[in-house]
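First the structure, in the form of C-alpha cells, and then the observations on it.
The values are calculated or read from the model by the stated rules, or taken from the named source; none is laboratory data. Not measured: the values here are computed from a predicted model. Glycine also receives a Cβ, built like all others from the backbone with ideal geometry; neighbour counts cover every protein chain displayed. Side chains are part of the model used for accessible areas, which takes the heavy atoms of the whole protein and leaves out ligands, DNA and RNA. Shrake-Rupley method; radii C 1.70, N 1.55, O 1.52, S 1.80 Å.
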Amino acid sequence: MQAWEENAPYILEYLRLFQSLAAGDPMAAGIWEELQERESAAPETVVLAPRLLRERLGLDLREFLLVMAALCLEMDGALRCGFRGRYGLSLPTVEYGLELIGPLCSAGAETLAALCGRSTLTGLLLTAAGQACCPLERPLVLCRAAAAFLSGLSLPEVPGLSVLLPETERDWLPLQREGLAQVRSWYDAGGEEPICLHGPAGCGRRTLLRRACGGAVCLELEELEEMQCSDREQLFRETVLLSRLLSLPVCALCADGQGAGELERFRRRFSFPLAVLTEDDGPLRRGGEVLRLSGQLTAAERELAWRFFAPESAPDSVPGGALAVGAVQETARLARRAAAREGRTEVERRDMQLAQRQRGGALEFGVRYDVSAGLEDMVLPEDVRTQLREICAAARWGPQLASWGLPGGREGVTAVFHGPSGTGKTMAASAIAGELNMPLLRADLSQIMDKYVGETEKHLGRLMRCARENRCVLLFDEADALFGKRASVSTGHDKFANLSTSFLLQEMEQYDGVALLSTNLLSSFDDAFLRRLNYVVRFRVPEAPLREQLWRRALPRERLEGEIPFAALARTELSPARINAAARAAAISAMAAGQERVDSAGLVRALSLELEKSGKSLPGELAISPPPAPDGWENIPLQPSKIM
C-alpha cells in the first residue's frame with residue numbers, strides 16, 4: 001500500500017468538490033473537470049485510491065460519484081449538518097447523493113433499476129445497516145473497508161478479517177512444490193470453483209497460498225459464530241470488496257470444516273476466488289478442488305526446513321518428532337533467540353531443546369508436566385534400569401536407522417510398564433522424559449472417554465497429534481481402560497467398543513513419538529497391542545537391599561535423629577510408593593509435635609500404620625516395645641468439638 005501523502009491531495013479535492021455541490025456553486029463543474037484531468041495526468045506508478053477503486057470494481061460514473069459523496073459526507077461534519085437541517089434525518093440517503101451529483105451526472109430510469117439490482121454499489125460498497133424498502137431511501141454510508149481504503153489507503157481493523165500480504169523475504173522453502181503448482185494453476189484460471197487446502201495447523205497452507213497467489217484476504221470463520229446474520233453478511237461484503245481492490249483471493253479458515261457453506265452461497269452471488277483452509281475433510285458442498293497437505297515432515301524434509309530457518313546451527317541440533325513446517329519455523333526462532341541471549345550465533349542442541357519446551361502449543365485431553373529427574377534418581381533393579389535405558393536409546397537413535405540402510409521403520413518407540421501398584425511405573429515414565437529432556441504429557445482419560453460413537457477415537461487422535469507437535473513423552477496411566485481385549489460381538493455396544501480398539505491399534509502402529517503405557521493387569525491387554533509394543537517392562541516389589549536404599553533416600557539425612565534401623569525397616573515388603581508414604585507420615589508427625597527431626601520411633605510407628613492398611617503387622621524385631629506417640633499428639637482431638 002502506498003503512503004497517505006500521495007493520495008491525500010486528491011481526496012481533499014473531492015471534499016472541495018462536494019462542498020461546492022452542496023452550496024450550489026456553479027463552479028463545481030469546473031472543479032470536477034480539473035480533478036479528472038489531474039487524475040488522468042498522474043503517473044501509473046502513483047497509486048490513487050479513487051482511480052484504483054473505480055477501475056478494480058468496474059464502477060460507472062454515477063456509482064463512483066455516489067461513493068465519493070458518501071466518503072465526503074463522512075469526512076465533513078458541516079456537510080452532514082446541512083443535510084440534517086434540510087431533511088431532518090440522521091443519515092444521508094442515496095436520494096440526497098443523487099441530488100448532490102445532479103449537476104455532474106443526472107439520474108434516470110436506469111439509475112433506479114441499478115439500485116434495485118445487484119450492483120456493486122448496493123452489494124458491496126454501501127453498508128447493509130438500516131436498509132430501507134425503497135432503494136432511494138437507503139443510507140449513503142460506506143462500509144468500513146471502502147472508507148479506510150479511500151481515506152488513507154489502509155486496511156480496516158475488522159474482527160475476524162485480515163490480509164495476508166505477499167512474502168518479501170528470501171526464497172521459499174522448497175517443499176510442497178506440487179501443491180504450489182496446483183494452487184497457482186487454480187488462481188491463474190480465475191478460481192471459478194472453490195479450492196480446499198486440507199491439512200493440520202502449521203502445515204504451511206497460508207504460506208502456500210501467499211506464494212501461489214501473492215497474498216489473500218483471510219476470514220476466520222470460527223470468530224463469526226456469535227455474530228448476527230446481518231453482521232456476518234456485511235463482513236462477507238467487506239471481505240469480497242478487499243479481495244477485488246487488492247486482486248487477491250478470499251481465504252476462509254475453518255478448523256472443523258463448519259461455516260464454509262454460508263460463504264459459498266455468498267460466493268455464488270458475487271463471484272470471487274475462494275480458498276477454504278480446513279483441518280477436516282468435506283467442507284465444500286458443491287465440488288471444487290481439494291489439496292491435501294501433510295502436516296508431518298519426513299526426516300530429510302525436517303532437516304531441510306531446520307537448515308533453512310536456522311542456517312547457523314550445529315549438526316546435532318535438528319529437532320525430532322512429527323513436526324509440521326510451522327512448528328520447525330517457530331522452534332528455530334526460539335532457538336536463535338536462546339543462542340543470542342548468550343552472545344552466540346550458532347544454534348546448539350541445548351538451544352533447540354529449550355525452544356521445544358518453550359514453544360508448547362495447544363494441548364488437548366492431557367496434562368503436561370515439566371520434569372527434571374532422570375533414571376539415576378530412581379532405585380531400580382539393574383535389569384529394569386537396562387530396559388529403560390534401551391527405551392531412551394531407541395527414542396534418540398531410532399530416526400537414524402534410515403542412514404544404516406533400514407528404511408520403512410517409524411521413528412517412535414512404544415512400551416508398556418506392568419506390575420503391582422506403587423512400584424514406580426509412573427515415575428519411570430517421568431524419568432524417561434527427564435533423560436530425553438522432554439515434557440511428560442499424561443493422558444486424561446476422563447476427557448478422552450466419551451459415550452458418543454466416534455468421539456473417543458477423535459479425542460485420542462487429537463491427543464496423539466498434540467504429543468507429537470509438542471515433542472512430549474505420552475503416558476497412558478491405567479492403560480487397560482483403553483487397551484482392553486476385544487470382545488465377541490453380541491450387542492451394538494460391543495461392536496463400537498471393538499471399533500475403538502481397532503482404531504487404537506492403528507494409531508499405536510503409526511505413532512512416531514514416545515508412548516508409554518502403565519497397567520497393573522497386563523493380562524487384560526489385547527494381544528494385538530502387545531505385538532505392536534517395542535518393549536514390555538515388568539516392575540516388581542523391590543528386594544530388601546533396594547528397599548533399604550529407598551528408606552535411606554526417603555528423608556534427608558539432616559532430618560534424621562540418632563541411629564535409624566534401615567536394615568530392619570527394609571525387611572518388610574513394601575513398594576517404593578508405600579515406603580515414601582510411611583516416611584512422609586513420619587515427617588508430618590514430627591512437624592505436628594514441634595520436632596525438627598524424625599527418630600527411629602517415629603519411623604517405626606509410621607511403618608506400623610502403613611502396614612495396617614493391608615492387615616499386616618510389624619516384624620518381631622521392631623514390635624518388641626510398641627513406640628509411643630510423639631509428645632503433643634495426646635492433646636490433639638480426634639474429632640472436632642461440636643459448637644452448640
- Top-ranked residue of segment 592-644 - restricted to ones that are of a type in the set (S, T, N, Q), in a helix (DSSP H, G or I) and more than 16 Å from Gly562 (Cβ to Cβ), ranked as modelled with the highest pLDDT: Ser608
- Return the residue satisfying two criteria in turn: it lies in segment 539-563 and is in contact (Cβ under 8 Å) with a residue 24 or more places away in the chain and in contact with a Phe, Trp or Tyr (Cβ under 8 Å, 6 or more places away or on another chain), and of such residues it is farthest from Val604 (Cα to Cα). Phe539
- Can you name the number of the only condition in (1) farther than 28 Å from Cys116 by Cα; (2) over 45 Å from the mean Cα position of the chain (by Cα); (3) outside any helix (DSSP H, G or I) that Glu44 fails? (2)
- Message: Exactly one condition in (1) over 32 Å from the mean Cα position of the chain (by Cα); (2) at pLDDT 75 or above is false for Leu153; which is it?
- Response: (2)
- Message: Please go through segment 74-101 and give me each residue that is open to solvent by 40 Å² or more (accessible area, probe 1.4 Å), of a type outside the set (Gly, Ala, Ser) and touching a residue at least 40 places away in the same chain (Cβ under 8 Å), ordered by number.
- Response: Glu74, Met75, Leu91, Glu95
- Query: open to solvent by less than 60 Å² (accessible area, probe 1.4 Å) and assigned to a helix (DSSP H, G or I): does that describe Gly562?
  - Reply: no
- Task: Report yes if some residue within segment 520-537 is part of a strand (DSSP E or B) and surrounded by fewer than 19 Cβ atoms within 10 Å (Cβ to Cβ); otherwise report no.
- Result: yes
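One line per residue, one yes/no per condition, for (1) closer than 30 Å to Gly190 by Cβ; (2) at pLDDT below 85; (3) buried (at least 16 other Cβ atoms within 10 Å of the Cβ):
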residue: Leu248; (1), (2), (3): yes, no, yes
residue: Asp256; (1), (2), (3): yes, yes, no
residue: Arg267; (1), (2), (3): yes, yes, yes
residue: Arg286; (1), (2), (3): yes, yes, no
residue: Thr298; (1), (2), (3): no, yes, no
residue: Phe308; (1), (2), (3): no, no, yes
residue: Ser313; (1), (2), (3): no, no, yes
residue: Val318; (1), (2), (3): no, no, yes
residue: Gly326; (1), (2), (3): yes, yes, yes
- Message: Please count how many residues of segment 577-597 are in contact with a strand residue (DSSP E or B) (Cβ under 7 Å, 6 or more places away or on another chain) and either in contact (Cβ under 8 Å) with a residue 40 or more places away in the chain or not hydrophobic (A, V, I, L, M, F, W, C) (or both).
- Response: 2
- Here are Leu112, Leu208: which of them is on the phi < 0 side of the Ramachandran plot and at pLDDT 85 or above? Leu208
- Task: Looking only at segment 95-108, count how many residues are farther than 15 Å from Asp60 by Cβ and either hydrophobic (A, V, I, L, M, F, W, C) or at pLDDT below 85 (or both).
- Result: 1
- Task: Assess whether Ala70 counts as being more than 15 Å from Leu150 (Cβ to Cβ), small (Gly, Ala, Ser) and part of a helix (DSSP H, G or I).
- Result: no
- Note on the structure: When every residue in segment 462-491 that is under 21 Å from Arg531 (Cα atoms) and assigned to a helix (DSSP H, G or I) is compared, the one modelled with the lowest pLDDT is Ala481
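Does Leu71 qualify as being under 26 Å from Phe272 (Cα atoms), buried (at least 19 other Cβ atoms within 10 Å of the Cβ) and in contact (Cβ under 8 Å) with a residue 40 or more places away in the chain?
yes
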- Residue identified as surrounded by 15 or more Cβ atoms within 10 Å (Cβ to Cβ) and either over 17 Å from Leu242 (Cα atoms) or at pLDDT 85 or above (or both) among Pro174, Pro194: Pro194
- Message: Take the conditions aromatic (Phe, Trp, Tyr), in contact with a Lys or Arg (Cβ under 7 Å, 6 or more places away or on another chain) and either assigned to a helix (DSSP H, G or I) or more than 17 Å from Leu125 (Cα to Cα) (or both) and apply them to Phe83. Does it pass?
- Response: no
- Message: Looking at Glu225 and the list (1) touching a Gly at 6+ places or on another chain (Cβ under 9 Å); (2) open to solvent by less than 50 Å² (accessible area, probe 1.4 Å); (3) farther than 30 Å from Glu301 by Cβ, which single condition is not satisfied?
- Response: (2)
